[in-house]
Amino acid sequence: MNVKRFKKYSVLALKKIINHIRTEIFLRTGKWMPRPMKIYYLLTNKCNYKCIMCPQWECGIKENPKDYIGEDEMKRIIDEASRMGIYEFGVSGGETLIYHKKMFNLLEYANKKGLYTHFVTNGALLSKDYIQKYNDMGGGHISLSIDAIGDKHDELRGMPGAYGAIENVLKIFKENSFPNILLKINTVLSGGNFDYIIDVLKLAIENNSVIFVQPYDVYDYDKKLDSDEKEEKFSLWVKKEQQEKLKQVIDKMIELKKKHPQIILNEEKHIRAMYGYFVKCKVDQTCFAGMDNVSIMPNGKVSFCKYGEYSDLKEQSLKEFLNSKKRKEVVRDSLKCKHGCLLSCMFRPSLGEMLTSGPKQFLKLVKSK
């Protein structure tokens, strides 16, 4: 057993449980709103891929790096987060490794401040040296985006050779030991790839990686569209003729979840909800994203889905933002949101899931390679 991992994940698990309890008290009483659990820093929208399910690379084309929040300003935010008991710092993109120097400097700084860290990548720029560097600074987890197998992955990612990069990363992890790093696979389930989802789950199982499946989101907050409208407007939405096959895929996902709870991070009810999400555009789950996360854009502004940008951390301290009237209004409103999404940012496992699947996941996390 890896002692460092045991200590890291024990502390993380305890903090998550305490946060769940505080959240339940807040929901029942309306008092003592808990602190966020995570800082999500969108380092850049710029990307070396042109994924058909993602609008960020198009935003990145228009983006001017001169407008980005500086490294020192982000370190100031990390300092505040550490003092206030926020215990997770994640970096996403775009493609994070385009600005690898800034990212690794911030990840190392956050690790030294006691935060649990992670970053997302499509794998194209992820080398053994980068993985080793992250491991040596204390690590955390690396989220690798995989949406299908072979040429289908290349098609969805808008880049020939994209799956070859995935195979290279998996090979690096298989042939080397990185005791401070957990490899996590992120996959987006859509009408364009649900035939491949089971194969991607099996790939995670074969490589002893954890995996989270998120259903495709259209990021269209102007109007609540029904399933027919989404099918007409968005090519990756699950079509009527695909719905029966989708149900079969979801049943198989649940079967694999029961066999491998330490691998598949989605809660069973979260997987089941995907059918109603696509067929009825209905989700009966509370969104905790506004309360759990602080999402910082490349320019230093805080943004949250349909609410847009509502703070600038280049001008306002993290503490001032968290105590602001606007933030509290957004949190209370988002808890009642009926837009109906199943994004990973709003997912949090229940206490029941933590107590049933949690022990097996914990043992996997602390086990040395």
quick note, the chain, DSSP beta bridge pairs, % antiparallel (nearest 5) is 15
Among (1) 28, 25, 23; (2) 38, 25, 18; (3) 42, 25, 18, the entry derived from the coordinates for semi-axes √(5λ) of the Cα gyration tensor in Å:
(1)
Where the centre of each part is set by its Cα atoms, how far does the stretch 305-369 sit from the stretch 262-276, in angstrom?
18
In this structure, among Lys4/Lys152; Lys50/Lys128; Lys152/Lys247; Lys8/Lys50; Lys75/Lys133, pairs with alpha-carbon gaps over 30 Å are Lys4/Lys152; Lys8/Lys50
So who's got an amide H within less than 5 Å of the one on Leu189, skipping anything under 5 residues away but keeping other chains? H placed 1.01 Å off N, in plane.
Gln214, Tyr216
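For a quick check of your reading of the filter: which chymotrypsin sites (Phe, Trp or Tyr not before Pro) in the stretch 189-236 sit in a DSSP loop and have no more than 14 other Cβ atoms within 10 Å? If you can, show how the numbers build up before the last one.
Details: sites: Phe194, Tyr196, Phe212, Tyr216, Tyr219, Tyr221, Phe234; in loops: Tyr216, Tyr219, Tyr221, Phe234.
Answer in residue order: Tyr219, Tyr221.
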Beyond 28 Å between alpha-carbons counts as too far, so tell me which of Lys62/Lys325; Lys174/Lys258; Lys269/Lys314; Lys66/Lys230 fall in that bin.
Lys62/Lys325; Lys269/Lys314; Lys66/Lys230
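What translational D, rounded to a whole number of µm²/s, comes out for the stretch 1-107 from Stokes-Einstein when the hydrodynamic radius is the Kirkwood one over Cα pairs, at 37 °C and 0.692 mPa s? List each step's numbers first, then the result.
Details: Rh = 16.4 Å.
Translational D for this selection: 201 µm²/s.
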Which residue, Asp67, Asp199, Asp333, tops the fluctuation ranking in a GNM of the chain built on C-alpha contacts under 10 Å?
Asp67
What's the center-to-center distance, using Cα atoms, between the stretch 145-217 and the stretch 13-27 in Å?
32
Please flag any cysteine in the chain that has no other cysteine's Cβ under 4.7 angstrom from its own Cβ.
Cys47, Cys59, Cys281, Cys287, Cys305, Cys337, Cys341, Cys345
Under 5 Å, built H, 5+ apart or other chain: amide partners of Leu182:
Gly140, His141, Ile142
For the chain, with a Gaussian network of springs between Cα atoms less than 10 Å apart, report the residue from Thr286, Thr187, Thr117 with the top mean-square fluctuation.
Thr286
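Quick one: what do you get for the stretch 207-305 if you divide its Cα Rg by 2.2 N^0.38 Å? Can you show the working numbers first?
On the way: Rg = 15.8 Å, N = 99, 2.2 N^0.38 = 12.6 Å.
Dividing the Cα radius of gyration by 2.2 N^0.38 Å gives 1.25.
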Excluding residues fewer than 8 positions from Lys171 in its own chain, the aspartates and glutamates with Cα under 17 Å of it are Asp129, Glu206
Residues whose placed amide H lies under 5 Å from that of Leu236, excluding near-sequence neighbours:
none
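Coordinate-derived values only; no laboratory data. Worth saying up front: this structure is predicted, and the values here are computed from it rather than measured. Virtual Cβ from ideal backbone geometry, glycine too; neighbours counted across all protein chains shown.
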